[in-house]
1. Could you look through region A:84-103, keep only residues that are of a type outside the set (D, E, K, R), surrounded by fewer than 24 Cβ atoms within 10 Å (Cβ to Cβ) and outside any loop (DSSP other than H, G, I, E, B), and pick out the one that is nearest to the other protein chains (Cβ to nearest Cβ)?
2. For region A:194-204, state whether one or more residues are closer than 19 Å to A:A14 by Cα and either free of Cβ contacts under 8 Å to residues at least 60 places away in the same chain or surrounded by fewer than 17 Cβ atoms within 10 Å (Cβ to Cβ) (or both).
3. Go over the candidates B:A160, B:A128, B:A165, B:A141 one by one and state the one that is surrounded by 22 or more Cβ atoms within 10 Å (Cβ to Cβ) and more than 19 Å from B:Q59 (Cβ to Cβ).
4. Do you know which residues across region A:115-132 are closer than 24 Å to B:R15 by Cα, charged (D, E, K, R) and either at the interface with chain B (Cβ under 8 Å from one of its Cβ atoms) or loosely packed, with under 13 Cβ neighbours inside 10 Å (or both)?
5. What about A:A143, is it closer than 19 Å to A:G80 by Cα, over 20 Å from the mean Cα position of the chain (by Cα) and assigned to a helix (DSSP H, G or I)?
6. Considering only region B:159-196, state which residues are hydrophobic (A, V, I, L, M, F, W, C), at pLDDT 70 or above and not assigned by TED's automatic domain parsing to the domain that holds B:T88.
7. Given the criterion charged (D, E, K, R) and surrounded by fewer than 16 Cβ atoms within 10 Å (Cβ to Cβ), identify the matching residue among B:D384, B:D411, B:D352, B:D400.
8. Does region B:434-454 contain at least one residue that is closer than 14 Å to B:L369 by Cα and loosely packed, with under 15 Cβ neighbours inside 10 Å?
Amino acid sequence: MARTYGHGSTEVTALREVSVAFRRGTFTAVMGPSGSGKSTLLQCAAGLDRPDSGQVIVDGVELGPLSEAKLTALRRERVGFVFQAFNLLSALSAEQNVGLPLRLAGRRPAAAQVRESLAQVGLAERGRHLPSQLSGGQQQRVAIARALITKPRVLFADEPTGALDSSSGREVLRLLRTLVDQQGQSTIMVTHDPVAAAYADTVLFLADGRVVDELTRPSAQAIAERMTRLETAA
Amino acid sequence: MITLLPVAAATLRRRWTGFAGAFVALTLGVALISAVGALVINVPDNTDPQGPSLAKILQFMAGMGGFVAIFVVAGTFAFAVAQRRHETALLRAIGATPRQVRLLILAESLVIGLLSAVAGCLLGLIMAPAMAAWLTAQGLAPGGFAPSTSPTPLLLAALAGVAVALAGSFAASRRASGVRPAEALGDAVVDRKVMTRGRWLWFLFFLVAAVIAVYSRMSVPDYMLLDPGMRGPDAMATFSLELDLLAIVGFTLLTPLLIPPLVRLFTLPLPVLPGAAILLARQNALAAVRRTVSTATPVFLVIGLSGSVVGGTLAFTAARDAQSHTTSTARYVIEPVDGPALSASVMRALGDLPGVRTTAVVSTSINGLGSASTPFAALSIDGDPGTAWHLDTVTGSLADLRGRTVAVSSDLARAFRWEVGEQLRTRLPDGASATLQLAATFKPTFNVPEVLLSYAAVSGHAQPARAYLSAPPAPAPAGTVVTPIENWTDPRTATSDHQQTLTLVAILGPALLYALIAIVNTMIMSTGDRLRDFATLQLTGGTRRQVLRMVGAETVVVVATATALGLIVTAATQTGTLWLINNGILDGQAPIPFSLPWSTVGVSVAVCLFLALLSSLLPARLALRRRPLELAGVRE
């Protein structure tokens, strides 16, 4: 698929003829220098944005022909999101945030289901807290609990540790890894941090809108070296 | 949708400060509508036919209240939606459809509408008796006037409050539903297009409405003259007020287009000055166009409204003076020292004066005339009307106003299709009925009422209250006072001015109150929006004082911009009003020169600046008490 932004002289090509498949039950990290198109790839793959050409298939459903409402429903049911920051609605408590996707689907979230989801991320006791009463790492875990409550086929994470200190960051990454290992949760994560990427099964390298490399089970050091080469080339 | 109601409620609970303005405005609107409703039901029919109808003033007040409340609610919600762009994008990303986002905003406004309806009705119950007492004290309502206790006005007002809340948040809810889910990933705060297509459409709508209003005023169909509010120069005053309001609202819609260049212009010399605060203020005002528009609009409304309405009123007062000056032909006015009327012996003495022409008059009222069944204020005239005023006769001759005759303004004659020579039945003040022949029609002026009666038609019913003289009676007859015409004030003008002032208060009062609420509300909201900016500024080495100076400078820039817009619109409405007066009323004689009501504008600007500074600096000062790192973590 390909994606271009703007027109004429301001035209920016974010993705050129990228073709990737992510396997079920695996943890993939997408890396690349800034401007390499990694965020665009995530947005298109997750149905947040539409590519100009090509097709996106999530869990066997092609996103292209879907209406905005259908696409939204698909995101709600089969896709989970974790973002870098601004992840929770500040007016809602942790429990309310976690239950939100169900409410949006028109269902009243069962208390047990919400609690289970929070327990999964180790925050069973913090349900009544407002986001402002939680640490950054805890907020991110609440966001993960919210993403998981619909039992999504795939979880997308965009720089999930970008706004966290290294120890809370590690906690979040370990949580993601555990979810993949124990529940087979397919996860795709965009990051620029080699240490974060080392938690993944596969690391995909993007540069200038193209996939340029792929490493399996690499060490953080190997990833860092590959990244340095990409950045000096660009 | 039901499952989302708790979400809407939680949002309102945590963010109530942002919606406080909408709540206050709506509550006041509902209170005003319910109180006016309770009063209007009990308004007696037969109020002073000379003055504007009490029911009309009250209805105008309520209408104005509801109308301006829509603007405040719309402004508040537009702001709240713009502030929550990220959250909205997040909602969309995790599975809210555009429709759900729209419904969520509408649900919030519904909750606010219901709360305001209850609070407003309670307030209205207190307000109604207070208003009745005030109206009685001002002589606008008879003694013993009390509001109705019927529940209908309360119900209607509550409904109106909810409807206004929904209408006000409709545009904002549509904008929120247009937020793209991908925006949750980035955090672009550079405003996108603020001059929306909706604004253009509404602007066109108001433009067309203004053109239609001017056109219909230039060629008023006869049937429209049946409404007393459409006849004579006072109708012109109402009409120019309506045009002013159209112009101001139309202008408000264009503010996103006009504000950025004005901000740029006003701050052009500032970056040269040392200090970061002013540079930041300029860049902030330009980068966040929507915020600048939201904060500048209520200030503009206060200045534009007070400037245009007070300016227009002053112009019409000047026109009245100018017209009584140019149309007066008498040199002196003689009145009794005390008592309502000149005695018969004085009248005889005046008649005997050699070389002095005398025209005696008495104000009266008649009930019904020909096919018209309403009461009319009338003046009965003994002598040649030409001795008192120069009136432009349209048909017939005022010299024929003798015996059992009547003369009416040409507008009144046109409304009922009366021709000179026609016999018109009427009922005199004492209840006697009489048949009068129409002697003449004249162009309406401020100086005389619509109906002039020959003195003979009412002789025996009333004694003259004053007489106009062509020369001084030397010496003045006992028990009378003689005033040169240039020093004399027509009691008719005095009542008219008093009523004009009351109408002004009734019209401007609610509108200004709302606009002031909106200033405070938007300022507080916009400061809350910027806590992270403040933190960044502090973390990069800015002192608290510098942050406050930046906030202050930005507020001053916004108020200055709004003042410039307000002056532009006031100049425009004033030009239009004077054109109407000079061509439509004074016929190019002694035209009134252009002037702006500087003192009113000055006071408005001072009040706005004070409120705006207070409501931006105070919350900023409070926020700065917290440590910058804490602020930096504040979610938008």
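The values are calculated or read from the model by the stated rules, or taken from the named source; none is laboratory data. Treat the numbers as computed from the prediction; the structure is a model and nothing was measured. Ideal geometry is used to build each Cβ from the backbone, glycine not excepted, and the neighbour counts take in all protein chains shown.
1. Out of the qualifying residues, it is A:Q96.
2. For region A:194-204, residues closer than 19 Å to A:A14 by Cα and either free of Cβ contacts under 8 Å to residues at least 60 places away in the same chain or surrounded by fewer than 17 Cβ atoms within 10 Å (Cβ to Cβ) (or both): absent.
3. B:A165
4. Result: A:R128, single match.
5. No, not satisfied.
6. Residue satisfying the conditions is B:M195 alone.
7. One residue alone meets the criteria, B:D352.
8. Taking every residue of region B:434-454 in turn, at least one turns out to be closer than 14 Å to B:L369 by Cα and loosely packed, with under 15 Cβ neighbours inside 10 Å.
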